1. Under unit Cβ charges (Lys, Arg +1; Asp, Glu -1), what dipole magnitude, rounded to 20 debye, does chain B have relative to its Cα centre?
2. Applying 1/(1 + (r/R0)^6) with R0 = 25 Å to the Cβ-Cβ distance of B:Met258 and B:Ala80, what FRET efficiency is obtained, to the nearest 0.05?
3. So, in Å, what gap is there between the alpha-carbon centers of the range B:283-340 and the range B:60-106?
4. For A:Lys260, which lysines qualify as cross-link partners when the Cα separation must be under 24 Å and same-chain residues fewer than eight apart are set aside?
5. Tell me the chymotrypsin sites (Phe, Trp or Tyr not before Pro) within the range B:500-546 that lie in a loop according to DSSP and have at most 13 other beta-carbon atoms within 10 Å.
6. Hey, got the dipole for the range A:1-94? About the Cα centre, +1 on K and R Cβ, -1 on D and E Cβ, debye to the nearest 20?
7. Which one of A:Pro276, A:Cys286, A:Val297 is farthest out on the positive end of the charge dipole of chain A, using unit charges on Cβ (Lys, Arg +1; Asp, Glu -1) and the Cα centre as origin?
8. Along Cα→Cβ, 7 Å out, is where each label goes; now give me the distance between the ones at A:Gln40 and B:Asp116 in nm to one decimal.
Amino acid sequence: MTLALKTTDLARTFDIGKRLIGPPRGQVHAVHPVSLEVAQGETLGIVGESGCGKSTLARMLVGLLPPSAGTIEIEGRALDRADPAAFGRLIQYVFQDPVSSLNPRKTIRQIMETPLRRLYGMRGRALDARIAELFDAVNLRPEFLDRYPHEFSGGQAQRIGIARALAASPRILILDEPVSALDVSVQAQVLNLLADLKAEFNLTYLFISHDLAVVEAVSDRIAVLYFGSVVETGPAEKVFASPRHPYTKLLADSAPVVGKPLGGASHGELPDPLNPPPGCAFASRCPRASDLCRAEVPALRRIEGDQFAACHHPREP
Amino acid sequence: MSLFLRLLFRNKLAGFGAVVLGVIVVLALLTPFLPLHPPNETSTANRYLRPLSDGHLLGTDHLGRDLLSRLLWGTRLSLAVGFAAALIAGLVGAAIGVMAGYFGGRTDNVTMRGIDMLMAFPYILLALAIVAVLGPGLMNALIAVAVVNIPFFARNIRGVTVGIAHREFIDAARLAGMGHTRILLTEVVPNIVPVVVIAMSTTIGWMILETAGLSFLGLGSQPPQADLGSMLGEARSALITSPHTSIVPGVMILLIVMSVNLLGDGIRDALDPRLRSGALARPMAATRVDRAQVPPAKGDALLDIDALETQFQVGRRTYKAVNKVSLELKPGECLGLIGESGSGKSVTALSVMGLVASPPGVITGGAVRLEGQDLIGAPYELLRSLRGRRVAYIFQDPLSTLHPLYRIGDQLIEAIRVHDPVSRAAAHKRAVKLLEDVRIPNPAARINAFPHELSGGMRQRVGIAMALANDPDIIIADEPTTALDVTVQAQILALLDELRQRRGLAILFITHDFGVVGQLCDRVAVMYGGRIVETGPTQAVLDAPAHPYTRRLIACVPELGGGRRILAAIPGLPPAVDQLPEGCAFAPRCDKAQDACRRGEVTLDGTTRKVRCLFPEVAP
């Protein structure tokens, strides 16, 4: 198994209440040290609720945000400095909001040309041929190229966003909630397109979403994020079917499923990020919490086979 | 461009301003070719001639110079200086603003504090100081006026740039390998040009005034050169004896500045996309009603929506957002209304209480009866007394439905006292009780919180508490959990279900999520292209959908526990409701469609289960 992506203790802190001179008033640990490994050709699903740090993690992985600590390795090469152009040829990003990720004052052709020109110095006929090839890959008609972004529906705009990401010929695609803004009937079209493209271009995906069912349907492996930390990882078919971390269990119970009674806990919220609790961040909502949980942060450890959980008292399957 | 001109001239005042300014500019441009006296030719014999005297249409000034000639030459100069100052201030200010806004952090802090210092001086004092350093003269006055106005542009443009610099397409450009300079020039600047133009068009008048002010004080144009300000300044001594020498340049300044400002406002309105979409037109208090006939009353449902038709009439286009929709709601019942975006589900909900914005919304047919009383076309006072008291709404985004500047307690108390004139103390007590009912921990303290101090889930609980404030019979919940996380969504759904059971509420629940409908609703209605395509008891519809659209939509939704799989998709896009196909709206995407589906009207048939399909999956 060759690794496409490896992060070692990747972390990010944000300063809160910056002053012109002197230290900031506080710090928020958006992402606690995270170590992830993604194999070549694999789809790693990342789930978590708002504020769990999944977008911060994604932005660090593509170089849009410099990490506070830790290293990123792509196919064995270290990429630590945040230089999006250096990252761009290896790893690309598909944005959540398809329409706002396209500059409203440029034609689709101009948008598509940029990565080819900037990253590969392509010109003239080769450029046109490559754009036509990419548009064909995402099932869009070539006459769309001379239109402006506002003329497209969400599903079409997201295809354009995917085509732009593919234009950089990346090895890895980070898909940050790529279908959350789309209607269900269109969502399935885009998900299936992504599956086809992955096979065709031999890509590795990081699929970030809050929708558990979608993540489960597209991923090989899933990592569950809570409050900036990975709390559980494992094969897609096992993580929600037999969750080991109580938070994963809560997530799985909360997802609305036809024919299942209303579930989940009746209350409970994320801790205050400016004033995080000592120990496990989930302890205050956890039915299994003990004094140990409130004192000591649990480390991610192997529970059984390829299921890992960061919990002092993991659930039995 | 022609759209822009049309929008501009639709605003009559702006059109008037454009014409006046146009005439002045043309005159100023033609001045050198007009048969005028030389502007600086003195003739002491003809001092202070009245207007309309022989050879001097507007009379002469204290040195006997022809006022008309001086006025036109002066206007030419004043306009040129004003435009030049606006251009310089606009370009320099925009450049500073773009830099500060794009780079942020320390760059932003240092530049903007510098700008703040410039703004701390009274502008005329600052201009005087600059002229004092540079020496009097028209060029130096121009520089002074430009410098004084740079902060206005810099601050304005910085604000806009900050908004753009955090948009996703800027990130995309960085990932595509673009450097900062290129991103600034090709991604940011094209998006702020309209703002710069708007700011310039509204400030040129101001700059002409300021230049005139400096010239009036003798710091601008030097004698004998005429500009409007110096003409006024020279005429000051004869204000009483020969008022026309002051009035002539004064009226010109008035005309220029007024026309520039009217035109500037017009340009702003025409360029601003928000204003263009009709935000300037204040929506009416209730949706406009224009229906040919009222369907006869029938049945005794709590809420009876009968063949409701709501349209949006934009220009020549008519969007049939809601097309003959009929729904019934019994006391204590939860009805799910499901559909994709643009299917008309929200418009249906808003039409019930006449909350669709008019213009462009019009209710063109049907009736909505609350216990037999028709609400469509009801007087506004009646609608107002029912809104919130009998029928309450919960909206999708609690952050935008709560007022950010008032404490949630005050907003709850206001909601209570609108319909029930109790004392503030009593209302406060009820508000605490409401927060307790929606399971907000520590309600007595949280009642003093501002909306931004609460999490999304807590805010939605406040939204629900507000809907419950007057013990309504019906709650219309428009995607109340779409913006929330799954664990919080589960909490809110459980709360709604419990409130329904305990208070006997009827809920019209609008969503796009079959899972939610399956858990919460007794009956479900599926909408597509503005019409109901299928309705029936939730379990029956979900187990055996009769309409191909329902069946395939359910198949599109992945369910947790299914493992990795290829998802079923529906090819194509939902139809635009301004050009619905004849026959079944789903026919172009349907794999069972036959010729008959594309002709005539397909009716909604059945008794408890109804389906609008010629070839249903199962017999309804």
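1. The dipole of chain B has a size of about 80 debye.
2. Working: r = 19 Å, r/R0 = 0.76.
Calculated value: 0.85.
3. For the range B:283-340 versus the range B:60-106, the Cα centre distance is 56 Å.
4. Cross-link targets: A:Lys238, A:Lys249.
5. On the way: sites: B:Phe509, B:Phe514, B:Tyr528; in loops: none.
Filter output for the range B:500-546: empty list.
6. Details: 10 positive and 9 negative charges, 90 e Å.
The dipole magnitude comes to about 440 debye.
7. So the residue we want is A:Pro276.
8. Placing both labels 7 Å along Cα→Cβ, they lie 5.5 nm apart.
The values are calculated or read from the model by the stated rules, or taken from the named source; none is laboratory data. Here the structure is a predicted model, which is why all the values come from computation and not from measurement. Cβ sites come from the backbone with ideal geometry, for glycine too, and all protein chains shown count toward neighbours. Just so you know, the surface numbers come from the protein's heavy atoms only, side chains and all, with ligands and any DNA or RNA stripped out. Shrake-Rupley method; radii C 1.70, N 1.55, O 1.52, S 1.80 Å.
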